[in-house]
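Report on the following structure.
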Amino acid sequence: QVQLVESGGGLVQPGGSLRLSCAASGSIFSNNAVGWYRQAPGKQRELVAGITSGSSTNYADSVKGRFTISRDNAKKQVYLQMNSLQPEDTAVYYCYLDGWPSRYWGQGTQVTVSS
């Protein structure tokens with residue numbers, strides 16, 4: 001069984017930065033793709049960024065150049081560095097891990113961008 005626990009969310013002013021972390025427990029991580037989704041109130045959950053086991057990355061167009069995803073296989077953690085945050089980035093951010101046959105999800109961490 002895999003458990004994912006996010007941390008690092010909070011309230012930040014526009015233009016500010018936050019770093020989200022997601023810690024995985026269980027026997028799998030390094031061979032699995034991981035990443036982040038977000039869900040704003042009244043909107044569907046959307047992919048923010050993903051990183052494969054080989055460290056290839058992909059990003060939503062809306063965050064390219066502002067967000068950076070990375071992973072530390074030794075610590076079983078995935079990170080999301082978020083810079084130049086805007087109010088439209090306000091959402092609950094969820095990390096995921098692609099296992100087989102299931103995708104595992106964390107419980108989410110709130111990010112609020114407001115002055």
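The values are calculated or read from the model by the stated rules, or taken from the named source; none is laboratory data. Everything quoted here is computed from the prediction, not taken from an experiment. Here the Cβ is made from the backbone with ideal geometry for all residues, glycine too, and neighbour counts use every protein chain on show. Note: accessible area is taken over every heavy atom of the protein model, side chains too, but ligands, DNA and RNA are not part of it. Shrake-Rupley method; radii C 1.70, N 1.55, O 1.52, S 1.80 Å.
Among GLY106, PRO14, GLY54, flag the residue with its Cα farthest along the positive direction of the charge dipole of the chain, charges on Cβ as +1 for Lys/Arg and -1 for Asp/Glu. Going by the Cα projections, it comes out as GLY54. Placing +1 on the Cβ of every Lys and Arg and -1 on the Cβ of every Asp and Glu, with nothing else charged, gives the stretch 13-68 a dipole about its Cα centre of roughly 140 debye. Local charge for TYR59 was computed over the other residues whose Cβ lies under 14 Å away, with Lys and Arg +1 and Asp and Glu -1, and equals 0. Each listed q (0.13, 0.14, 0.15, 0.17 Å⁻¹) maps to a log10 I(q)/I(0) for the chain, found by the Debye formula over equal Cα scatterers with no solvent: -0.44, -0.51, -0.58, -0.75. Charge dipole (Cα centre; +1 on Lys/Arg Cβ, -1 on Asp/Glu Cβ; no other charges) of the stretch 62-103 amounts to roughly 160 debye.
The share of accessible area on the chain that comes from carbon and sulfur is 45 percent, using a 1.4 angstrom probe. Based on C-alpha pairs under 8 angstrom that are at least 6 apart in sequence, the stretch 16-77 has a relative contact order of 33 percent.
With the cut-off at under 14 Å, measuring from each backbone N in the stretch 6-37 to a point 7 Å along the Cα-to-Cβ line of LYS43 picks out 37. Other residues whose C-beta falls under 10 angstrom from the C-beta of VAL78 contribute a net charge of +1, scoring Lys and Arg +1 and Asp and Glu -1. Computed from backbone phi, the HN-Hα couplings of the stretch 99-115 come to x, 9, x, 10, 9, 9, 10, x, 8, x, 9, 7, 10, 10, 10, 7, 8 Hz, rounded to whole numbers (Karplus: 6.51 cos²θ - 1.76 cosθ + 1.60, θ = phi - 60°; Gly and Pro given as x). Counting Lys and Arg as +1 and Asp and Glu as -1, each charge on the Cβ, what is the dipole of the chain about the Cα centre in debye, to the nearest 20? Approximately 120 debye in magnitude. Computed with a 1.4 Å probe over protein heavy atoms only, the accessible surface of the stretch 1-59 comes to 54 Å² per residue. Under 20 Å of direct C-alpha separation, and excluding same-chain neighbours fewer than eight residues apart, LYS64 reaches these aspartates and glutamates: GLU46, GLU88, ASP89.
Using a cut-off of 15 Å between beta-carbons, work out the net charge of the residues near GLY16 (Lys and Arg +1, Asp and Glu -1, GLY16 not included).
0
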